[in-house]
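Here the structure comes first, spelled out in C-alpha cells, and everything after it is commentary.
Nothing in this text is a laboratory measurement; each read-out follows from the coordinates by a stated rule. Fair warning: this is a prediction, and the values are worked out from it, not measured in the lab. Methodologically, a virtual Cβ is constructed for each residue, glycine included, from the backbone with ideal geometry; neighbour enumeration extends over all protein chains shown.
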Protein chains: 2
Amino acid sequence: MTQNSPKKIEVTELALRDAHQSLLATRMAMEDMVPACEDIDKAGYWSVECWGGATFDACIRFLNEDPWERLRTFRKLLPNSRLQMLLRGQNLLGYRHYEDTVADRFVEKAAANGMDVFRVFDALNDVRNLRRSIKAVKRTGKHAQGTICYTVSPLHTVQGYVELAEKLVDMGCDSLCIKDMAALLKPQPAFDIVSAIKESLGEEVRVHVHVHATTGVTLVSLMKAIEAGADAVDTAISSLSLGPGHNPTESLVEMLEDTGYTTGLDMQRLLRIKDHFAKVRPRYAEFLSNITGVETEIFDSQIPGGMISNMESQLKQQGAADRIKEVLAEVPRVRADAGYPPLVTPSSQIVGTQAVFNVLMGRYKVLTGEFADLMLGYYGETIGARDRAVIERAGQHAKKPTITCRPADLLTPEWDQLRAAALNLEGCDGSDEDVLTHAMFPQVAPRFFKTRAQGPKNVGRDPNAAPAPAPGAAAPAAGNGQSPVRSAISYEVKLNGRSHNVTVTPA
Amino acid sequence: MTQNSPKKIEVTELALRDAHQSLLATRMAMEDMVPACEDIDKAGYWSVECWGGATFDACIRFLNEDPWERLRTFRKLLPNSRLQMLLRGQNLLGYRHYEDTVADRFVEKAAANGMDVFRVFDALNDVRNLRRSIKAVKRTGKHAQGTICYTVSPLHTVQGYVELAEKLVDMGCDSLCIKDMAALLKPQPAFDIVSAIKESLGEEVRVHVHVHATTGVTLVSLMKAIEAGADAVDTAISSLSLGPGHNPTESLVEMLEDTGYTTGLDMQRLLRIKDHFAKVRPRYAEFLSNITGVETEIFDSQIPGGMISNMESQLKQQGAADRIKEVLAEVPRVRADAGYPPLVTPSSQIVGTQAVFNVLMGRYKVLTGEFADLMLGYYGETIGARDRAVIERAGQHAKKPTITCRPADLLTPEWDQLRAAALNLEGCDGSDEDVLTHAMFPQVAPRFFKTRAQGPKNVGRDPNAAPAPAPGAAAPAAGNGQSPVRSAISYEVKLNGRSHNVTVTPA
C-alpha cells in the first residue's frame, strides 16, 4: 500500500470553534484568530470549523461581537476554505425548538453570509429534529452533513448506528459525521461502525469522524476509523489541543506517514498556526479548562468532563460538595430512566441537573421543567423506553401530556412575532440576522444590541501584565473552562416546606 | 479474534522512575511513592520500573536518599512485582566507561538488593558496550533485557534493527526492548520493526516497546506494535503521563477493549494510583517540564524536548538566546558528522553542546573533550562513518589516537582503587554499595556520605503553603524540568584571545 499513491484523508480544523470552546470556554476574540487565517486558509484543510456551537452565544454574551460579522470576516479571510458550522437541528444555536420557517431562515442567512458546510445534530439522535434544517441546507446548495451522536448504552449497537446513517443518507445528507463529544469512541467500535456504514451504504458515502481527546485513546480511534474507510477526521492545531479538546493536527499528519494514507497538509503552515495560538492561549488562562490530563473514568460514568465540573460547582453552592460520588453514580440511572439519550447539549445539562436534584432531595422528588419535558417527549424520541413512573410524575409536575409527534409540529409560525419583538429593541438594525440573534438569545440580545456600537471586547489579557488572581478568588467574569457560555439559571425549589436555591450552569 | 480469549499484553509501569524523571526532573521523594506501592504491586503489571536511569544520581544529589535503601524499600513494598531498572551498559549509572569487574559488581549488588529485570542500553547501540552487563545479569539468574535505541537517519533501517536484535538474542538476552526516548517512533515503523523481528527471530522472542509521548502519535505506535506481535509495552499512570513523559496506562487498557488484546490490569487499582499521584504532582510544580503539549517539530530536528530547553539555557547564559534556530539546524549536521548516533544520554548532551559551540564560535573551532572522545571512538562505534576532517581535529585537540576496540578494553582493573578511595571518605559505611555509589558519582558521593545520617530530604512542597516564586525568578534549587539531575559542567573556552564561559547541563 505504501508503494502506490496514498489515500488522501481530509481534515477539518477545529481551532476556530470547538477547540477554544472546549479548552477556553469559547472566549477567544476574533482579533486573536485573524492573524492565523492566512495559514489556515492555505494549509490544505477540507474545511475550517469556525461558527456555531456555543460561539454565537459567547460572542453576544461576553465579547460584544456580532456573530454574523464574525462569519463575514471569516468568509473574507478564508477565501479558499470551506467554512463549517455546528447546528443543533431544530434548536438552531439556542436552547428551545424553533418553528420550521425560523430554521429555514437561519440556514438561508448563514449560507448567504458565507457558510459552506452545516454539521447538523440532535442531542437525542431523533432524525425528525434534523430533517427541516437538512432540507434547508440542501435548498441553498450548500453541504449538509448529518450527524450521529456517539454514545454507549445497552441499546446502542453498530447496527443501530448504521440504521441511523441510512436515514440521514436517505434525507439527502452530503456526508455523515460520527460525533464523539465525550471521547467515548474506542478504537474497535470506531473501526466497526465506520466499516459497517461503508459496507451497508456504499463506499461512496462520505464519513467524517469527530472525537474529543479527554480519555487519551481517540487518536488511535481515528487511526482505526481511517483503516475502516473514513474519509475525513477532525483535529485541532496542537497548541489548542488535548485535555477536553481534540487530537493535535500535526500528530495526525505524522501518524499517517508511510501508512498508505496522507493528509496532504502543509506542515510549515501548521507549525506557524501552532506558534500563533501558543502565543494567544496564555491570554485566556483564567478560562482554561481545569481538566488537563487524561480522564478515563468517563468510560464508566459516561459523563463528559465539562459536566462533572459543573455538577461539582452546583453541589458546592448547596454545601454538598462531598456528595459528588453519589451524583456520578446517579447520572447513569437518570440516563437509563430517560431512555439512554446521548449526553450532549442540552441533554447533558438536563440529565446532570436532575441527578443533582435526585441526590440532594430524593429521587425524582423534584423535577426540573426541562427534565419533565424530556420525559414527556418534548425534546423528541429516545432510543429506549422511558420509565413509566417517572413519566407519570413528569406529567403531574408539568401539567402537560406525553407527546410522540415531532416537537416542532406543535409550534405555529412565529417569524412575524419574532421580527416584531426584535425591531422593538434599541440598537436592532432591522436585519433578519438581528431578528435571528434575538430569537435565539432573547435574554442576552437586547443588551448586546445596545452596546454593539462600542465594538468587540477582548476578554483575554496579557499574562505578564496583570498579577494572576489569588487561587480560589472568583473573578467575576471567569468561567472554569468547562462551560462554553455560563448562562446560569436559578431554580427555587421547595421540598417539605424548606426552600432550596439551585443554580444550574450549562455544560 | 474478539470471540476467542484475547491475547495478554504485558505492561511495565513507569510512574516510579522514567515518568517522574521525564516530567518532574527526577525529584520525587521515596515517601511520596510509598503510599501507591500496594496498589501498584497488585494491579497486575508485568514489571515496575523503579530504579536506575537518573534516579540514583538524583537521590544522592538532591534528596539525601540512599539509592540502595530505596531499592530495598521497593523490594519490601512490591513483594509480588518484578522490579525493573534502566542500566546504561558499560557506563552503569554514571557518565564514563567502567572496567568490567566494576560492572559485574554493580549488577551483582543490584540483584542482591532486589532488582529483577535489567534493561541494558548503549547510547550508540554498540553491543560491545552491553555484553559484559548482560552476561553479569545472566549469571545472577535475573532477567536481562537487551535494548535497541530507536532513532531515524539515512542509515537506520528495519533490517539494521533486526540485525541488532539478533546480536542481543545471541548474547543471551531474555527479552528485547525497542526504546524510543524522543517519541520518534511512528505507527508504521513500529509495526514494521516488531513484525520483522518476530518474523526473523521467531515469535518466541519477547519484544517490549518503550515510547515517550512528546510528539502525540506514540499510543498509536503502541497499538501497531501490539498488532505486529509485541509482548509488552511501557506506560505511566495518567496523572504522571503525557508531555515529555509517556502514554497513560489507563488509556492503554481502554484502547484495547474488544480488540483481541487485553492487559488484564485492575482498573480500580489504577484509578487509586492515579488519584495518589494527582495529589503528589503539584508538590513538584517547580520542577515540572515546561513542555506540556505536543511537539512534532522533534521529527524534523530529532532533538528530544529536554535537549532543546537545555540548549536554550546555554545560549541565554552566553547572551545568544536569539540563535536557537541556528543551533537547532546545526544539531542534525553535528549528528551526521558523528556517524548518526541516537540522541540519548550521554550522546544527546555531547552532540547538543557541540552544536552550541559550533554556532557560537564557528564550526568545530572549539571541541568539547567529550565530543572529541566520541569522534575518536572512545564511546564505541557509530552506525555511520564519522567525518574525517573532524576526527583529525579531535585527535589534535585531545592528543589521543582513534580507537576501534571496545572502549572498556583499555581500562585496567580498578575495583581495589575505587574501594580504597571510598573507604577514605567520612560517612562511608564500607559496603560494596557505597563503593559503587562513589565510583559512579565521585563529585557528589562525598557530601552525600557526610549528610546521609540526616535522612531523606523531600524537595516537594505544599503548593498552597508557600507563595509561588515570581515568574522568571530563578529558585536556587529549581530545575526547569528538562534535566533529570542538572549537574552543570563549566567550560572556559578561549577563542581568538577572547574568553568564554560555557556551562553545560546534562539533558
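Here are the numbers for the structure shown:
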quantity	calculated
Antiparallel DSSP beta bridges within the protein assembly as shown, as percent of all bridges there, nearest 5	20 percent
Shielding of B:243-253 by partner chains, average beta-carbon count, 10 Å	4
Anisotropy class of region B:1-41 from Cα gyration tensor, a/c 1.5 cut	oblate
Measure of compaction for region A:324-380 (Cα Rg per 2.2 N^0.38 Å)	1.00
For region B:344-459, radius of gyration divided by Kirkwood radius, i.e. Rg to Rh on alpha-carbons	1.10
Amide H contacts of A:Asp180 (H built 1.01 Å from N, under 5 Å, at least 5 apart or other chain)	A:Tyr150, A:His210, A:Val211, A:His212
Cα-based convex hull volume of region A:31-185 per residue, rounded to whole Å³	128 Å³
Where only C-alpha atoms are counted, convex hull volume of region B:174-227 per residue in Å³	61 Å³
Total formal charge among the other residues, if their Cβ is under 10 angstrom from that of B:His212, Lys/Arg +1 and Asp/Glu -1	-2
Hull-based mean projected area of region B:66-147, where the convex hull spans the alpha carbons, in square nanometres	5.1 nm²
Beta bridge orientation in chain B: antiparallel %, DSSP, nearest 5	20 percent
Proxy reagent accessibility, fewest Cβ within 10 Å first, across A:Leu201, B:Leu410, B:Leu155, A:Leu168	B:Leu410, B:Leu155, A:Leu201, A:Leu168
Residues A:Lys365, B:Lys274, B:Lys325, A:Lys135 arranged by fewest to most Cβ contacts within 10 Å	B:Lys325, A:Lys365, A:Lys135, B:Lys274
Under 12 Å, Cβ to Cβ, from A:Glu10 - net charge with Lys/Arg +1 and Asp/Glu -1	+1
20 °C / 1.002 mPa s Stokes-Einstein diffusion coefficient of region A:383-423, Kirkwood radius on C-alpha pairs, µm²/s	164 µm²/s
Average Cα contact separation per residue, region A:175-241, under 8 Å, 6 or more apart, as relative contact order %	42 percent
Kirkwood hydrodynamic radius over Cα pairs of chain A, then Stokes diffusion coefficient at 4 °C and 1.567 mPa s, in µm²/s	56 µm²/s
At 0.890 mPa s and 25 °C, Stokes diffusion of the protein assembly as shown via Kirkwood alpha-carbon radius, µm² per second	80 µm²/s
Top positive-direction residue, dipole computed over region A:53-193 with Cβ charges, set A:Met171, A:Asn113, A:Pro189	A:Asn113
Region B:196-347 shape via C-alpha gyration tensor axes, a/c threshold 1.5	oblate
CD proxy at 222 nm, helix term only [per DSSP H run n ≥ 4: -39500 (n - 2.57); per residue of chain A; nearest 500]	-12000 deg cm²/dmol
Least to most buried among B:Glu49, A:Glu257 (fewest other Cβ within 10 Å first)	A:Glu257, B:Glu49
Separation between Cα centres of region B:396-462 and region A:296-343, rounded to whole Å	55 Å
Cβ-placed point charges (K, R +1; D, E -1), dipole of the protein assembly as shown about Cα centre in debye, nearest 20	1700 debye
Relative pair counts by distance (%), Cα atoms of region B:36-83, 10 Å bins	27, 49, 23, 1
DSSP-loop GluC sites (Glu not before Pro) across region B:172-256, with at most 13 other Cβ within 10 angstrom	B:Glu203, B:Glu204
Within region A:171-265: Cβ-based charge dipole about Cα centre, in debye rounded to nearest 20 (Lys, Arg +1; Asp, Glu -1)	340 debye
